[in-house]
Each structure stands twice: as C-alpha cells, then as structure tokens.
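Asker: Dropping a structure here in structure tokens format, bear with me for questions.
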Amino acid sequence: MDIFKIFAVAVTGTVFYIFVKQYKPELAAAVQTATVLVIFIFILSYVGAVINQIRELIEGYGLKTEFISPMIKALGIAVITQITADLCKDNGNSSAGAKVEFAGRILIIITILPMLKAVADFAVELIGG
C-alpha cells in the first residue's frame with residue numbers, strides 16, 4: 001500500500017530533521033520542507049486518477065460542471081493552503097502561516113462565487129422571478 005511509502009518518507013524525514021536540528025539548526029527548515037514536498041509530489045501522482053473519476057461521474061450522470069469545478073478548485077486551494085500554512089508555522093513563522101490561511105480563504109471565496117451565482121439564478125428561476 002502506498003500509505004506505507006508516505007509513512008516511510010514522513011518518519012525518515014522527521015528523524016533526519018531531529019538530527020539535523022541538533023547539529024545544524026539552520027538546515028532543519030530545509031529538511032522539513034523537502035520532506036513535505038516529497039510527500040506532496042507523491043500524492044500529486046493520484047490527482048490525475050481522481051480527476052478522471054470525477055469526469056466519469058460528471059459525464060455519467062450529466063452533472064453541470066459549473067457546480068463541480070469550483071468545488072474541486074476550492075478543495076485544491078484548501079489543501080495547498082493548509083500544507084503551506086502548516087509548513088510556515090512549523091518553521092516558526094506563524095505570522096506568514098496566518099496570512100497564507102487568510103489568502104486561501106479569499107481565493108476559495110473568489111473561486112466559488114460563480115457557483116453561488118448559479119445557485120441564486122436557479123433559486124430565482126424556481127420562484128419565478
């Protein structure tokens with residue numbers, strides 16, 4: 001199972017981080033960042049499969065992409081925002097982490113605005129306005 005590979009990278013990176021932090025604290029952040037990036041790149045290999053399955057659902061059920069696409073983009077923004085904010089906070093820069101979280105929230109709102117408009121249009125159409 002691939003979760004064991006991710007586990008192995010995380011544990012190895014953490015142990016390496018602990019040792020580096022003791023002897024070369026200035027390199028500890030780089031080790032931590034590299035560990036997170038390796039895990040993230042590994043996970044990205046699955047994104048294509050997820051997107052293909054979502055496409056099949058959309059085509060199979062005739063769903064409107066105007067609702068699905070913004071939700072998927074918002075989810076992606078949320079994941080990237082969380083990883084980046086955690087990385088900043090773990091390396092002692094909680095101020096930057098908080099700003100990344102704020103920026104992520106704003107980007108999610110901007111991303112879902114077209115979906116909210118479509119829902120509002122649909123509601124108005126149902127009411128007969």
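Each value in this text was obtained by applying a stated rule to the coordinates, not by laboratory testing. Since we're looking at a predicted model, the values are computed, not measured. As a convention, Cβ positions derive from the backbone with ideal geometry for all residues, glycine included, and neighbour counts pool all protein chains shown.
Asker: Please list, or write none, the lysines whose alpha carbon is within less than 20 Å of the alpha carbon of K24, excluding same-chain residues fewer than 8 places away.
Answerer: Reachable lysines: K89.
Asker: Right, next: Explain nothing, just compute: Karplus ³J(HN,Hα) = 6.51 cos²θ - 1.76 cosθ + 1.60, θ = phi - 60°, for every residue of region 20-30 in order, whole Hz, x for Gly and Pro.
Answerer: 5, 4, 5, 9, 9, x, 5, 9, 4, 5, 5
Asker: Taking region 80-129 as the region of interest, what is the percent of Cα-Cα pairs per 5 angstrom bin, listed from the shortest bin to the one with the maximum distance?
Answerer: 5, 22, 16, 12, 10, 9, 8, 7, 6, 4, 1
Asker: Under unit Cβ charges (Lys, Arg +1; Asp, Glu -1), what dipole magnitude, rounded to 20 debye, does region 1-103 have relative to its Cα centre? Could you put the intermediate results ahead of the total?
Answerer: On the way: 8 positive and 8 negative charges, 39 e Å.
About 180 debye.
Asker: How many angstrom lie between the Cα centre of region 1-37 and the Cα centre of region 39-74?
Answerer: 30 Å
Asker: If you keep only loop residues by DSSP, which chymotrypsin sites (Phe, Trp or Tyr not before Pro) in region 1-103 have at most 12 other Cβ atoms within 10 Å of their Cβ? Working shown, then result.
Answerer: Working: sites: F4, F7, F16, Y17, F19, Y23, F40, F42, Y46, Y61, F67, F102; in loops: Y46.
Of the chymotrypsin sites (Phe, Trp or Tyr not before Pro), the ones in loops of region 1-103 whose Cβ has at most 12 other Cβ atoms within 10 Å are Y46.
Asker: Right, something else. Calculate the FRET efficiency for N91 and Y23 from the Cβ-Cβ distance with a Förster distance of 25 Å, rounded to the nearest 0.05. Mind dumping the intermediate values first?
Answerer: Values: r = 18 Å, r/R0 = 0.70.
Using R0 = 25 Å, I get an efficiency of 0.90.
Asker: Tell me the label-point distance for the pair V38, I83, using the 7 Å Cα-to-Cβ offset, in nm and rounded to one decimal.
Answerer: The two pseudo-label positions are separated by 1.5 nm.
Asker: So for region 48-129, taking the charge dipole from beta-carbon charges (+1 Lys/Arg, -1 Asp/Glu), which of I83, A118, V100 sits furthest toward the positive end?
Answerer: Of the options given, the answer is V100.
Asker: Sticking with the crude label model, points 7 Å out along Cα→Cβ, report the distance from K99 to D121 in nm, one decimal please.
Answerer: Inter-label distance under the simple model: 3.7 nm.
Asker: Here is a further query. Please report the orientation-averaged projected area of region 1-102, defined via the convex hull of its C-alpha atoms, in nm².
Answerer: Averaged projected hull area, Cα only: 7.9 nm².
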